[in-house]
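Step one of this worksheet: look at the structure below.
The values are calculated or read from the model by the stated rules, or taken from the named source; none is laboratory data. Bear in mind the structure is a predicted one, so any value in this text is a computation, not a measurement. As a convention, Cβ positions derive from the backbone with ideal geometry for all residues, glycine included, and neighbour counts pool all protein chains shown. Side chains included, ligands, DNA and RNA excluded: accessible areas come from the protein's heavy atoms. Shrake-Rupley method; radii C 1.70, N 1.55, O 1.52, S 1.80 Å.
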Amino acid sequence: MSSNTFESIGAAIHEKADCIYERLRTQINRIGSASGPNSHIFFVLGASGDLAKKKIYPTLWWLYRDGFLPEGTRFIGYARSQITVDKIFENAAKYMKVQEDEKETFAKFKTLNSYVAGSYDKGEDFERLTNEANHLSKQESAHRLFYLALPPSVYGSVSELISKHCRPKSPGWLRLIVEKPFGKDLQSSNKLSEHLSKFFSEEEIYRIDHYLGKEMVQNIIVLRFSNQILSRVWNRDSIAAVIIIFKEDIGTQGRGGYFDEFGILRDVIQNHLMQILSILAMEKPRSTKGEDIRNEKVKVLRCVAPIKPEDVVIGQYYGDKDSKDPEHQKGYLDDDGVPKDSTTPTYAQVVVSINNERWAGVPFILRAGKALNEKKAEIRIQFRDVPGDMFDDDNRASGESKKLSRDELVMRVQPNEAVYLKLNTKRPGEMGFSIDETELDLTYGERYKGVKLPDAYERLILDVFMGSKINFVRSDELEEAWRIVDPVLADIEKKKIPVIPYKFGSIGIREAFDVAAKHGYVFRGTYVWKDERTTKSEEKN
């Protein structure tokens, strides 16, 4: 293939990426037209905090830079700290990743920002915030979006004061973005939902779970319902087990004080993994509208039984004293803010059962852990064994007596987004029917070269501007997720479930693998995905 051909392919791919961006901009312009003369104001409450610095301000900059925000959008930060816009941007600078040729655009973005210092419990401070908004937008009916990048302890007072003092005049609308955690258990979650419902309609509340903004999580719906080949096998007759995995190769890194209040079950499984489960297992919605999709998610969660203590494995990491990495030498109990007698789990596996016609008897295994050997999030759908192994004699003749490996459909959420089907094939060049394990592979980085995958927060904040509720959590959905995990959280608090220690950098906990095997998930350890084979080869060289 000539160099000109490669250049043509590259140009076509970049043109495709530009077309995607242009379609998005057209949609945004339609939103702006539908809004009439009203401008938009985006409020960042907790503007001096970590989340604002690392995620929200960088995301707003990227959306502005790429032309995705409605024209005339202004930004107001609010916090208790006596700081300035300059200081906010200085703190966020390394996360914004401003390129040399973007500096002029960035300077314009900065001029659209202002900051108000105030308390979280005084009405007069929120009135000052409204006055600043009216001054910036030159209208009292500007649409207002409030992002609560705040500790949950102040959600109550802040949300009430926003409703009382910061609502725009008609025809302007208000949207409230609530960051997790949504409570600490079923009772506190319901209390928060009841409080918010006094001051806001459900349509005004956007409970943000950034995992719902990830490309591969959003792709589950399309893969499931647009491909007849998958539709036929997406049930208990064909699927033996489903495992949803979340692994981090870092510890709590100084956030131990916060993490100790919640633990891995609340921090990851109750929200991120339970959301993925509901999308994987739900019935086909009537349409792609947000309410239709969320209705089906709630229906399937209502069929999930509360988790049993015997189906739970929890662990806590300790430092690897032999590691050369100082971070790996520190255990969870060495983190500042963590009580020395803490039994808060940093690793958890739960087995969930769905009592309906499609999924009865199929285990859904949710596994999450910090301080493990790699960073990875993926969904593995393992199909049942092939009945009647006709290849057994050939395998024995070649010196192998292993059973045929199960087919698996794998959706890699991060890193290296991919969908691949692990299956058996004839080993090339050999006589007879010796079996090899390989994959049909859709790796996004290869298939969609040049196409930028937006950050999860970019997608979700853009959804709020557009009024799309598909990727946000509804109150009844939240209640069902807490109902499922609440009993086992109580058992952990009462220390009825043993906490198993594991070394920083471990692959996981043996007891968790044994429970998964007991429920029918088969791991043979004989297959390595293409990207991981390449990585291991590079490491060896």
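Of the residues 300, 242, only one is surrounded by 21 or more Cβ atoms within 10 Å (Cβ to Cβ) and modelled with pLDDT of 95 or more; which? Within the list 300, 242, the selection yields 242.
Here is the figure for the range 205-223: residues that are part of a helix (DSSP H, G or I) and open to solvent by less than 10 Å² (accessible area, probe 1.4 Å) total 6. Here 197, 189 are screened, and the one residue that is hydroxyl-bearing (Ser, Thr, Tyr), modelled with pLDDT under 95, buried (at least 18 other Cβ atoms within 10 Å of the Cβ) and assigned to a helix (DSSP H, G or I) is 189. Residue pairs whose Cβ atoms lie under 7 Å apart, separated by 6 or more positions or on different chains, with the first residue in the range 438-462 and over 15 Å from residue 61 (Cβ atoms) and open to solvent by 50 Å² or more (accessible area, probe 1.4 Å) and the second part of a strand (DSSP E or B) and not aromatic (Phe, Trp, Tyr), are 440/421; 440/423; 441/418; 442/418; 442/419. Here residue 103 fulfils each of the conditions (1) modelled with pLDDT of 95 or more; (2) open to solvent by 30 Å² or more (accessible area, probe 1.4 Å) apart from (1).
If I filter the range 169-186 for residues that are closer than 14 Å to residue 271 by Cα, part of a helix (DSSP H, G or I), outside the structural domain of residue 471 (by the TED database) and open to solvent by less than 10 Å² (accessible area, probe 1.4 Å), do I get at least one hit? For the range 169-186, residues closer than 14 Å to residue 271 by Cα, part of a helix (DSSP H, G or I), outside the structural domain of residue 471 (by the TED database) and open to solvent by less than 10 Å² (accessible area, probe 1.4 Å): absent.
Just checking, how many residues over the range 62-107 are part of a loop (DSSP other than H, G, I, E, B) and among the hydroxyl-bearing types (Ser, Thr, Tyr)? Of the residues in the range 62-107, 3 are part of a loop (DSSP other than H, G, I, E, B) and among the hydroxyl-bearing types (Ser, Thr, Tyr).
Those helices (runs of 4 or more DSSP H) of the range 419-507 in which 2 or more residues are under 23 Å from the mean Cα position of the chain (by Cα) and of a type in the set (A, V, I, L, M) occupy 456-466, 475-493.
Quick grid of which residues meet (1) closer than 20 Å to residue 459 by Cβ; (2) of a type in the set (Lys, Arg); (3) within 26 Å of the chain's Cα centre (by Cα):
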| residue | (1), (2), (3) |
| --- | --- |
| 60 | yes, no, yes |
| 67 | yes, no, yes |
| 73 | yes, no, no |
| 92 | yes, no, yes |
| 95 | yes, no, yes |
| 104 | no, no, no |
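Checked against the criteria, residue 377 counts as in a strand (DSSP E or B) and touching a strand residue (DSSP E or B) at 6+ places or on another chain (Cβ under 9 Å).
Scanning the range 224-239 for residues that are open to solvent by 20 Å² or more (accessible area, probe 1.4 Å) and outside any helix (DSSP H, G or I) yields 226, 227, 232, 233, 235, 236, 237, 238.
Taking the range 248-267 as the range and being open to solvent by less than 20 Å² (accessible area, probe 1.4 Å) and under 19 Å from residue 505 (Cβ atoms) as the test, the residues that pass are 251, 252, 256, 259, 264.
Return the total of residues in the range 40-54 being touching a residue at least 24 places away in the same chain (Cβ under 8 Å) and surrounded by fewer than 20 Cβ atoms within 10 Å (Cβ to Cβ). Count: 3. Filtered by the rule that a residue be open to solvent by 10 Å² or more (accessible area, probe 1.4 Å) and assigned to a strand (DSSP E or B), the range 352-362 gives a lone residue, 353. Any residue in the range 64-77 that is among the hydrophobic types (A, V, I, L, M, F, W, C), in contact with a strand residue (DSSP E or B) (Cβ under 7 Å, 6 or more places away or on another chain) and under 27 Å from residue 466 (Cβ atoms)? Yes, because at least one residue in the range 64-77 is among the hydrophobic types (A, V, I, L, M, F, W, C), in contact with a strand residue (DSSP E or B) (Cβ under 7 Å, 6 or more places away or on another chain) and under 27 Å from residue 466 (Cβ atoms). Among the residues of the range 116-163, the ones that are assigned to a helix (DSSP H, G or I) and either over 27 Å from residue 262 (Cβ atoms) or not β-branched (Val, Ile, Thr) (or both) come to 24 in all.
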